[in-house]
Amino acid sequence: MDTKIITLGIETSCDETAAAILRGGREILSNVISTQIPLHRKFGGVVPEIASRRHIVNIMPVIDQAIEDAHIKLTDVDQIAVTYGPGLVGALLVGVSTAKTLAFALDRPLIAVNHLQGHIFANFLSHPELEPPFLSLIVSGGHSALINMKTYNDFDLLGQTRDDAAGEAFDKIARVMGLPYPGGPEIDKLARQGNPNAIDFPHPKVDGYDFSFSGLKSAVLNYLNSAQMRGDEINNADVAASFQRTVIDSLIGKTIDAAKNFGLNSIVLAGGVAANSALEARLRAECERRGLKFYYPTKILCTDNAAMIACRGFYQAADGNFAASDLNAYPALTVSD
Ligand code: KG4
Ligand code: ZN
């Protein structure tokens, strides 16, 4: 494995236009993220058409910045890794088309990266000593899944959400409470002032390692509506803390069960919701209590970025897994595809 190889990573699956330069598998030379969050905030969520158009405007300046920050030239790039799914199709196509064009113009290999696998790989950048096998809990805006990661290129999907992703539930509840988009960090902040045991929301009941958050989301929304109709004063901090505790109970319960049943002693948290302070603290404490090793990415690598895409791309390339020049975007890719 060439440890000096330079990988350009490109990420445009949702509302972040990102490019990064990696040397070898784990050394970040640059990591540029241009977020569109302020643009989408007034709509209360990501507007796909606006996201695609903004990616088109941002993509080349972001790549130029990544090259400049890394103190290299574009021609120093040895290979190009790009997110090809899952995500918003119009947004993904901007990254995929740009990567294909650069790969053709520079005559460099192209690597098609699964965004969810990328989230797991963010951990390799934050923890140079980390290696598979381990159990990974991915919790993002669009996905919640448990993966038994056996090698760098072998992902066994143990369970996933049957309806809403954890982040989606955070965002929806925050929106109804009148908090700005994205709601996850807002609920996280508000919950710190609330009592997590104040309200007993129903715990999701799903067999195996699957998750479900739509029932819980509806229960919280009903609670808010009924209280409002009765004219009761709502303690938003208690609602946020109690909802968050219920989500975390469900995530942690399944994760610990899976680690036990599959004999895995390292747990790796990944995805945007991994930035949640209570989830991180409780999973860390639970792992310590049971003698399990716990890993999670530094905050900037939790949410969408291109360094994690370049990292995943590096390990795919080392395995000879390159993309053809007719690469398309796949909005519904699952983590083990
Ligand atoms: O992984 P990500 O950046 O994008 C997707 O691939 O979906 O995740 C974004 C999600 C959003 O739903 C956002 O509200 C949530 O991650 N999020 C959080 C926190 N920070 C971001 N959720 C809970 N607590 C946080 N601190
Ligand atoms: Zn993501």
Checked pairs for the stretch 299-328, first surrounded by fewer than 18 Cβ atoms within 10 Å (Cβ to Cβ), second of a type in the set (Gly, Ala, Ser) and modelled with pLDDT under 95, C-beta under 6 Å and 6 or more apart or across chains, list as 299/275
All but one of (1) outside the structural domain of residue 269 (by TED's automatic domain parsing); (2) of a type in the set (Gly, Ala, Ser); (3) within 12 Å of the chain's Cα centre (by Cα); (4) part of a strand (DSSP E or B) hold for residue 87; state the number of the condition that does not hold.
(4)
The number of residues in the stretch 118-164 that are buried (at least 17 other Cβ atoms within 10 Å of the Cβ), away from ligand 1 (no atom under 14 Å from the Cβ) and part of a strand (DSSP E or B) is 9
Which of the numbered conditions does residue 231 fail, given that it passes all the others? Conditions: (1) modelled with pLDDT of 95 or more; (2) farther than 25 Å from residue 162 by Cβ.
(1)
Have a look at 255, 303, 334, 298 and point out the one that is away from ligand 1 (no atom under 15 Å from the Cβ) and within 18 Å of the chain's Cα centre (by Cα).
255
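Look at residue 7 and say whether it is in contact (Cβ under 8 Å) with a residue 60 or more places away in the chain, more than 16 Å from ligand 2 (Cβ to nearest atom) and more than 17 Å from the chain's Cα centre (by Cα).
Details: in contact (Cβ under 8 Å) with a residue 60 or more places away in the chain: yes; more than 16 Å from ligand 2 (Cβ to nearest atom): yes; more than 17 Å from the chain's Cα centre (by Cα): yes.
Spelling it out, residue 7 is indeed in contact (Cβ under 8 Å) with a residue 60 or more places away in the chain, more than 16 Å from ligand 2 (Cβ to nearest atom) and more than 17 Å from the chain's Cα centre (by Cα).
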Please give the number of the condition residue 179 fails out of (1) in contact with a Lys or Arg (Cβ under 8 Å, 6 or more places away or on another chain); (2) among the aliphatic types (A, V, I, L, M); (3) in a loop (DSSP other than H, G, I, E, B); (4) surrounded by 20 or more Cβ atoms within 10 Å (Cβ to Cβ).
(1)
Of the criteria (1) within 17 Å of residue 272 (Cβ to Cβ); (2) of a type in the set (D, E, K, R); (3) more than 16 Å from ligand 1 (Cβ to nearest atom), which one residue 233 fails:
(1)
Residue 21 passes all but one of (1) within 16 Å of ligand 2 (Cβ to nearest atom); (2) in contact with a Leu (Cβ under 9 Å, 6 or more places away or on another chain); which number fails?
(1)
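The values are calculated or read from the model by the stated rules, or taken from the named source; none is laboratory data. As the structure is a prediction and not an experimental result, all values here were calculated from the model. Here Cβ is always computed from backbone atoms with ideal geometry, including for glycine, and neighbour counts include all displayed protein chains.
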